[in-house]
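Colleague: Questions regarding the structure given below will be posed in turn.
The values are calculated or read from the model by the stated rules, or taken from the named source; none is laboratory data. Note that the structure is a prediction, hence the values are computed from the model and not measured. Every residue, glycine as well, gets a Cβ built from its backbone with ideal geometry; the counts of neighbours run over all protein chains shown. Side chains are part of the model used for accessible areas, which takes the heavy atoms of the whole protein and leaves out ligands, DNA and RNA. Shrake-Rupley method; radii C 1.70, N 1.55, O 1.52, S 1.80 Å.
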Amino acid sequence: MPVNEILTGLAAAVGPAGAEGSAARLAMELLGDYAPVCQDTLGSVIAELGDPDSDVHILLDAHIDEIGMIVTSVDDKGFLHIDRTGGADRRVLSGAEVIVIGKKRLPGVVCSTPPHLSSGDTSKVPEWDKLYVDIGCGAEKARDLVPPGSRIVVRSRPVHLLGDRIAGKSLDNRAGAAALIRTVELLQSDIHRLPCRLSVLLSVQEEVGGQGAATASFAIEPTQSIAVDVGFGTQPGAPAEQTCDLGKGTMIGASPTLDRSITMKLRDLAEEHHIPWQHDIMGGTTGTNADNIAVSRGGVRTGLLSIPLRNMHTAAEVVDLKDIESTARLLAEFVRAGGAK
């Protein structure tokens, strides 16, 4: 299946942290075409490939959840009071269309006070306790349809921009999930002669702490791992030294918490197979599932690949399909090589 179809299908699915059901089911269908698939206790999706008796057990991870919101209460006028789940950017929420996942899925909008009625500085961003969602009904019906704890995601469909660019919600980290599914697809011709055991993990709850990757990696017991996530793409207002260009290749992470031999192996393979790549240098932890996987059990040698992304944690995230493809190609070569020595 073309990468753009994998990505747009995953991006359109609803799956906030802790309620990833729809996105996870779609991921299971897509991965199930290539390998046996299951879900663990928390709901993470796991596919198993390669030689089950190999001493080398590689884990590839990408999180399947997206940022969202949670309903804290319904007031006497029927407006939903909300808080964030994950790092949702409240600067872009006023006036946004949303999907409320109550007893059934409901359309809603985030309220926006007219500038004519705003007191003080109209450029000030409302705090979370001043953001409300309107589903178009009174308190009694709203309370019946939307119990406290119901989840909310921004309503957005993937949009094809010019060239190979895709914009939309949840590309953090459905882009990484698409890269892993594409990796498995690329490995199909070698599936019976892989020099290692391979587990592919689409993990839940990364946006709220990484519990899915922590528990699944403990159970899987890999000998080495690569986490795949998104990184900061070059855009106006973002420091050039902390970003990478879209369309110029996967970002290979280097950090004190990442295994140097895996980082160098990824760089060598990228050069050998003419796969475009970029440096992604971090001075401490990575802020990704790589941090949790690396300290699972007695420790797991872990690397990190990231896909450059603009407008992170909004409904207008932008990625380039070429970067997803380069990420998948590099992962496939890493697996074919039997990982890092």
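Colleague: Across the chain, what fraction of all alpha-carbon pairs, as a whole percent, falls in each successive 20 Å bin from zero upward?
Modeller: Cα pair-distance distribution for the chain, in percent: 32, 54, 14, 0.
Colleague: Further, regarding this structure: Sort the following peptides by mean Cβ neighbour count (other Cβ atoms within 10 Å, averaged over residues), highest first: 202-213, 93-104, 172-183, 308-319. Intermediate results must be reported in sequence, preceding the final value.
Modeller: Values: 202-213: 25.4, 93-104: 16.8, 172-183: 29.5, 308-319: 21.7.
In descending order of packing, they fall as 172-183, 202-213, 308-319, 93-104.
Colleague: Here's a follow-up. Run the dipole for region 43-119 about the Cα centre, Lys and Arg Cβ at +1, Asp and Glu Cβ at -1, nothing else charged, and hand back the magnitude in debye, nearest 20.
Modeller: Roughly 840 debye for region 43-119.
Colleague: Starting from the amide H of I191, placed 1.01 Å from N in the peptide plane, find each other amide H under 5 Å away whose residue is 5 or more places distant or on another chain.
Modeller: Those qualifying (amide H under 5 Å, at least 5 residues apart or on another chain) number zero.
Colleague: Report, by chain and number, residues whose modeled amide H sits under 5 Å from the one on V300, excluding near sequence neighbours (fewer than 5 apart, same chain).
Modeller: For V300, the qualifying residues are V295.
Colleague: Pop out the ³J(HN,Hα) list for region 91-107 in order, Karplus 6.51 cos²θ - 1.76 cosθ + 1.60 with θ = phi - 60°, rounded to Hz; leave Gly and Pro as x.
Modeller: Residue by residue, region 91-107 yields 4, 10, 8, 4, x, 6, 7, 9, 10, 9, 9, x, 5, 8, 6, 10, x Hz.
Colleague: Can you work out ³J(HN,Hα) from phi for every residue in region 45-52, in order, using Karplus 6.51 cos²θ - 1.76 cosθ + 1.60 and θ = phi - 60°, giving whole Hz and x for Gly and Pro?
Modeller: Residue by residue, region 45-52 yields 9, 10, 10, 10, 9, x, 8, x Hz.
Colleague: Additional query: Could you tell me which residue out of S22, M282, C38 lies farthest along the dipole of the chain toward its positive end? Charges go on the beta carbon: Lys and Arg +1, Asp and Glu -1, centred on the Cα centre.
Modeller: Of the listed residues, the answer is S22.
Colleague: Starting at the first residue of region 280-290, write each ³J(HN,Hα) from the Karplus equation 6.51 cos²θ - 1.76 cosθ + 1.60 with θ = phi - 60°, in whole Hz, x for Gly and Pro.
Modeller: 9, 9, 10, x, x, 6, 9, x, 10, 5, 4
Colleague: Accessible area per residue for the chain in Å², computed with a 1.4 Å probe and the full protein assembly in place, what is it? Each step should come with its number before you reach the end.
Modeller: Numbers: 14690 Å² over 341 residues.
With all protein chains present, the chain gives 43 Å² per residue.
Colleague: If you roll a 1.4 angstrom probe over the protein chains with everything in place, what fraction of the accessible area of the chain belongs to carbon and sulfur, to the nearest %? Write down the numbers at each step before the final one.
Modeller: Values: 7590 of 14690 Å².
Percent of accessible area from carbon and sulfur atoms in the chain: 52.
Colleague: Roughly speaking, what is the centre-to-centre gap between region 176-226 and region 38-59 when only Cα atoms are used, to the nearest Å?
Modeller: After rounding, the separation between the Cα centres reads 7 Å.
Colleague: Can you list residues from other chains, or at least 5 along the same chain, whose modelled amide H is less than 5 Å from the amide H of V74?
Modeller: Here H81 satisfy the definition.
Colleague: Accessible area, 1.4 Å probe, largest first: how do C111, C38 sort? Walk me through the numbers on the way to the answer.
Modeller: Details: C111 45, C38 65 Å².
These residues rank, largest area first, as C38, C111.
Colleague: If you restrict to DSSP beta bridges whose two residues both lie in the chain, what percentage is antiparallel, to the nearest 5?
Modeller: On the way: 39 of 66 bridges.
Taking every DSSP beta bridge with both residues in the chain, the antiparallel ones total about 60 percent.
Colleague: To check my understanding: the extent here is largest minus smallest coordinate of the Cα atoms along each principal axis. What are those three numbers for region 192-341, in Å, largest first?
Modeller: 42, 37, 28
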